[in-house]
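The values are calculated or read from the model by the stated rules, or taken from the named source; none is laboratory data. The structure displayed is predicted, hence computed values, not measured ones. Counting neighbours? That spans all protein chains shown, and the Cβs are built from the backbone with ideal geometry, glycine included. Note: areas computed on protein heavy atoms with side chains; ligands, DNA, RNA excluded. Shrake-Rupley method; radii C 1.70, N 1.55, O 1.52, S 1.80 Å.
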Amino acid sequence: MHIVVLAGGVGGARFLRGLLDAAPDADVTAVVNTGDDVTMHGLRICPDLDTVMYTLGDGIDEERGWGQRGETWTVKEQLAAYGAEPTWFGLGDRDLATHLVRTRMLRSGHPLSEVTATLAQRWQPGVRLLPMSDQRVETHVVVADPAGGERTVHFQEWWVRHRAALDAQRFVQVGVDDARPGPGVVEALTTADAVLFAPSNPVVSIGTVLGVPGIRDAVRAAAGRVVGVSPIVSDAPLRGMADRCLPVVGVEVSAEGVGRHYGARSAGGVLDAWLVHTGDTADVPGVDVRSVPLLMSDPDATRALAQAALDAALAGSAR
Ligand code: FO1
């Protein structure tokens with residue numbers, strides 16, 4: 001069975017781990033958001049690709065959800081000693097090796113998809129790791145300027161330096177108009193037996209992936225059912241700051257709001273089924289809504305959630 005998962009960072013990585021537990025014999029492809037990517041200290045950093053790769057490769061720092069376990073911060077301290085900005089972004093010594101290898105390969109002309117495949121040879125994530133695009137698409141955030149007017153900051157500055165506290169007026173996907181789906185993405189989506197949206201940020205992760213010209217249409221043309229997992233439980237995000245992102249695009253912070261935002265594939269949207277947390281209700285016209293436990297609190301719960309998503313995908317037409 002070929003399963004394709006649209007994923008962002010931490011939530012996406014954990015969901016994928018549960019999916020591999022639930023369906024060890026499945027052929028899984030992860031189409032990963034690259035809108036969070038950023039260049040710092042001359043190095044290209046791909047947070048969501050790295051979080052998925054480290055998590056599935058058993059190298060992740062479980063507590064942080066990003067970067068490697070057993071990390072040290074000597075280079076970060078030395079950079080700060082030079083006053084080399086940004087000092088607010090945590091670049092660990094082990095993580096730096098990933099960025100050095102990636103940056104060198106990119107500079108010698110290898111596309112991001114090839115770089116990712118090379119890095120994955122070391123980590124053996126157990127899924128095909130596909131960047132959503134080989135072209136640069138960066139999420140930037142337009143925020144109100146205290147002196148009046150607006151200014152734009154990179155998503156990572158908004159997210160990490162300011163903890164999303166700056167009032168975001170809108171998100172801009174820099175480069176998206178010139179971006180194409182990465183190699184293998186459209187083919188994987190259209191032939192998939194199931195397409196799953198991990199419980200990642202629906203605006204800056206799943207939304208960014210769907211915003212790459214050609215990907216949304218490929219999802220709508222998927223052979224199998226498209227099943228989304230709500231990242232919002234009881235009107236609040238489980239992790240991350242989806243509640244800071246959804247209002248920016250005018251979407252209610254609820255499982256129902258996000259489900260309607262994605263919309264039913266039969267009505268021009270992308271969903272066939274939508275998983276909401278036990279106890280939550282969601283009226284999403286044209287979509288098979290199912291209430292299941294969504295908390296990925298431990299491996300068993302995460303596996304059960306992934307299994308529920310597969311059950312919804314293989315349930316044929318709506319209940
Ligand atoms: N997140 C933080 O909250 N603080 C950090 O200092 C930080 C550093 C960092 C370095 C490499 C990397 O791949 C991810 C990093 N993240 C950090 C996580 C990242 O900002 C977000 O998790 C994703 O961009 C959102 O999915």
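Annotations
- Restricted to the range 1-81, the set of helices (runs of 4 or more DSSP H) holding at least 1 residues that are surrounded by 20 or more Cβ atoms within 10 Å (Cβ to Cβ) and of a type in the set (Phe, Trp, Tyr) comprises 10-22, 47-56.
- For the range 82-106, a residue qualifies if it is near the ligand (Cβ under 9 Å from one of its atoms) and crowded, with 16+ Cβ neighbours inside 10 Å, and the qualifying residues are Phe89, Leu91, Gly92, Asp95, Thr98, His99.
- Which listed residue is assigned to a loop (DSSP other than H, G, I, E, B), more than 16 Å from the ligand (Cβ to nearest atom), open to solvent by 60 Å² or more (accessible area, probe 1.4 Å) and free of Cβ contacts under 8 Å to residues at least 24 places away in the same chain, from Ala147, Ala223: Ala147
- Taking the range 31-55 as the range and being more than 13 Å from the ligand (Cβ to nearest atom) and touching a helix residue (DSSP H, G or I) at 6+ places or on another chain (Cβ under 6 Å) as the test, only Val31 passes.
- Residue among Ala198, Ala179, Ala188, Ala168 that alone is touching a Phe, Trp or Tyr at 6+ places or on another chain (Cβ under 6 Å) and among the small types (Gly, Ala, Ser): Ala198
- Going through (1) on the phi > 0 side of the Ramachandran plot; (2) away from the ligand (no atom under 13 Å from the Cβ); (3) within 20 Å of the chain's Cα centre (by Cα) one by one, Pro125 falls short only on (1).
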